[in-house]
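Enquirer: Please see the structure below; I have some questions.
The values are calculated or read from the model by the stated rules, or taken from the named source; none is laboratory data. In this text the structure is predicted, and so the values were computed from the model without any measurement. Glycine also receives a Cβ, built like all others from the backbone with ideal geometry; neighbour counts cover every protein chain displayed. Heavy atoms of the whole protein, side chains included, go into the accessibility calculation; ligands, DNA and RNA do not. Shrake-Rupley method; radii C 1.70, N 1.55, O 1.52, S 1.80 Å.
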Amino acid sequence: ADYKIDDGVTAEEAKRFVMSNTPRYIKKFAHLSKSNKASWNWLAFIFPNAWLLSRKMYKGGIIISALMIAASLLTLPLSLSVYNMSPVNTANYADMMQYVYDILPQISAQILVASLVGAAVNLVIRFIVAIFGDYFYYFFVFIHFSPLHIN
């Protein structure tokens, strides 16, 4: 509890701020205070906006949510094209994939490019939050203990 993680902030103080999953984050903060190495956070990869919001990083969570919605909207025209061109009775996943492969030449290049850009943006967001999320959270937690924030 008295272990000083960063600039006089003890593990107990950080634990009170973090509140949930403290064993993971206190160890991670102690490691990050000694070396500024990136790490991997699976929860942040799978649910980047929800993870940011659950960690009280509301600005980042709202920005990431907006970017992910925009990326999803870029993939929507391809989904609608495939849906509108698909036969009513597609027996199984393999048949559906074969059908998608067969109709790809009929879909405009702009729709395909927009969909690829949307998917790429989504993946880039997920990788950035997963790799640097704990690092961002570390700074977010310890900025709350800075003299500028307390006063």
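Enquirer: Go through Leu53, Leu104, Leu123 for me and flag whichever is without any contact (Cβ under 8 Å) to a residue 60 or more places away in the chain and touching a Gly at 6+ places or on another chain (Cβ under 9 Å).
Expert: Leu53
Enquirer: Being surrounded by 13 or more Cβ atoms within 10 Å (Cβ to Cβ) and in a helix (DSSP H, G or I): is that true of Pro77 here?
Expert: yes
Enquirer: Does at least one position in the stretch 89-106 carry a residue that is at pLDDT 90 or above, open to solvent by 90 Å² or more (accessible area, probe 1.4 Å) and of a type outside the set (Phe, Trp, Tyr)?
Expert: No, that holds for no residue.
Enquirer: Here is a list of conditions, (1) of a type in the set (Phe, Trp, Tyr); (2) at pLDDT below 95; (3) closer than 19 Å to Tyr138 by Cβ, and Tyr83 meets all of them except one; can you say which number that is?
Expert: Only one criterion is unmet by Tyr83, namely (3).
Enquirer: If we scan the stretch 124-143, do we find a residue that is open to solvent by less than 80 Å² (accessible area, probe 1.4 Å), in a helix (DSSP H, G or I) and farther than 30 Å from Ser20 by Cβ?
Expert: Among the residues of the stretch 124-143, not one is open to solvent by less than 80 Å² (accessible area, probe 1.4 Å), in a helix (DSSP H, G or I) and farther than 30 Å from Ser20 by Cβ, which makes the answer no.
Enquirer: Please tell me if Ile46 is of a type in the set (Val, Ile, Thr) and at pLDDT 95 or above.
Expert: Against the criterion (of a type in the set (Val, Ile, Thr) and at pLDDT 95 or above), Ile46 qualifies.
Enquirer: I'm trying to understand the selection: among the residues of the stretch 27-74, which are closer than 12 Å to Tyr135 by Cβ, more than 12 Å from the chain's Cα centre (by Cα), surrounded by fewer than 16 Cβ atoms within 10 Å (Cβ to Cβ) and hydrophobic (A, V, I, L, M, F, W, C)?
Expert: If the condition is that a residue be closer than 12 Å to Tyr135 by Cβ, more than 12 Å from the chain's Cα centre (by Cα), surrounded by fewer than 16 Cβ atoms within 10 Å (Cβ to Cβ) and hydrophobic (A, V, I, L, M, F, W, C), then Ala38 is the only one that fits.
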